[in-house]
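Colleague: This is the structure, below, for whatever I ask next.
The values are calculated or read from the model by the stated rules, or taken from the named source; none is laboratory data. All values derive from a computational prediction rather than experimental measurement. So basically every Cβ, Gly included, is an ideal-geometry build from the backbone, and we count neighbours across all protein chains shown. The area values use the complete protein model at the heavy-atom level, side chains included, leaving out ligands, DNA and RNA. Shrake-Rupley method; radii C 1.70, N 1.55, O 1.52, S 1.80 Å.
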Amino acid sequence: MTTTAATKVFALIGDPVSQSLSPVLHNAWFADHRIDAVYVALQLGSQDASEALAAIKRLGLSGLNITVPHKQAAAQAADRSEAAVANVWRWEEDGSVSAFSTDGQGFLDSLSEAAADWRTRVRRALVVGAGGAATAIGGALSPYVDTVHYANRTVSRAEAAASCLHNGRVLRWEDLDQGFAAADLIVQATTLGMSGQPGFDWPVGFCQSSAIVADIVYRPLDTGLVRAARARGLTTADGLGMLIHQGARAFELWFGISPDTAQARGRLMSALAS
Ligand code: NAP
């Protein structure tokens, strides 16, 4: 479709964004649905983002995704927000901006894809990490499980994340072995294992044979944790599922259309391989 003055503009802002797969994801969905729109990634440095967000708001894009480190600022700068951190902005007909968080629900969608019966299998969830993604995932899991344990290198952040949930608990980093042994679901939500970041010797040998192991890192797709869990015959979920489904939920918020997530996986795997 030719880009004209009528073409709608969608963007991702964050730092870094140059490696983001979101433009591949959304531009392909625009083409699938013959929507006259373009999706671009804009680098926005990690300084205070409130001025830039105010300018973007006045500019009136058609939709915006927000990633690290601006999710909290995006929730605050919107006219209304359903969460304290936001990864989606939608412009309403009156020009006001509504903010949403699709990360947690996107993770649940990907978990359902990997293990359709997870709601009956998971009583005790262990979330490793306590950053933005980990807190969104813990919050989404909380209503469906008995306990959500957070284990984080910096224990104060695990305490803060756990204190937001009625069933939140803290597991000490030194006790990861016991945590892996006791959990029905383990979600790895730190940067460990990401390309360019240190790896980690995860205590997968302690897991129950019924455990589900999810890693939200998707570069590389086959992280050391996913490989080790798969080698043990455990149910696994990789990070591409969450990426696709948080994007699909954003697309639904913008257009009221559920895009094709299965085809998206193939497209993103090609993009990751190139
Ligand atoms: P974040 O808010 O910056 O949190 C980073 C987390 O990683 C913190 O818990 C941090 O622990 C931990 N960490 C960093 N270096 C560590 C190390 N050397 N040892 C132990 N822990 C370490 O980042 P985020 O947005 O939550 O993202 C976390 C990961 O999830 C990234 O790899 C990101 O690419 C991925 N992600 C994937 C998706 C998806 O759709 N699949 C979506 C969002 C994020 P401290 O608190 O101790 O610093």
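Colleague: Quick one: how many residues across region 1-23 are assigned to a helix (DSSP H, G or I) and buried (at least 19 other Cβ atoms within 10 Å of the Cβ)?
Modeller: 1
Colleague: Return yes when Gly104 is within 13 Å of the ligand (Cβ to nearest atom) and modelled with pLDDT of 95 or more and no when it is not.
Modeller: yes
Colleague: Now for a different question. What are the residue pairs meeting all of these: first residue in region 60-74, first residue under 13 Å from Asp103 (Cβ atoms), second residue of a type in the set (Ser, Thr, Tyr), Cβ atoms under 6 Å, and 6 or more apart or on different chains?
Modeller: Pairs that qualify, where the first residue is under 13 Å from Asp103 (Cβ atoms) and the partner is of a type in the set (Ser, Thr, Tyr), are Asn65/Ser22.
Colleague: I need the full set of residues from region 247-264 which are in contact with a helix residue (DSSP H, G or I) (Cβ under 7 Å, 6 or more places away or on another chain), closer than 24 Å to Thr223 by Cα and open to solvent by 20 Å² or more (accessible area, probe 1.4 Å), in order please.
Modeller: Thr261, the sole residue that qualifies.
Colleague: Among the residues of region 146-197, what is the count of those that are open to solvent by 60 Å² or more (accessible area, probe 1.4 Å), more than 10 Å from the ligand (Cβ to nearest atom) and assigned to a helix (DSSP H, G or I)?
Modeller: 5
Colleague: Please return the ranges of strands (runs of 3 or more DSSP E) entirely within region 84-132 where 1 or more residues are within 20 Å of Phe180 (Cβ to Cβ), open to solvent by 10 Å² or more (accessible area, probe 1.4 Å) and not assigned by TED's automatic domain parsing to the domain that holds Pro69.
Modeller: Result: 124-128.
Colleague: Identify all residues within region 74-85 that are in contact with a strand residue (DSSP E or B) (Cβ under 8 Å, 6 or more places away or on another chain) and at pLDDT below 95; write none if there are none.
Modeller: Those that are in contact with a strand residue (DSSP E or B) (Cβ under 8 Å, 6 or more places away or on another chain) and at pLDDT below 95: Glu82, Ala83.
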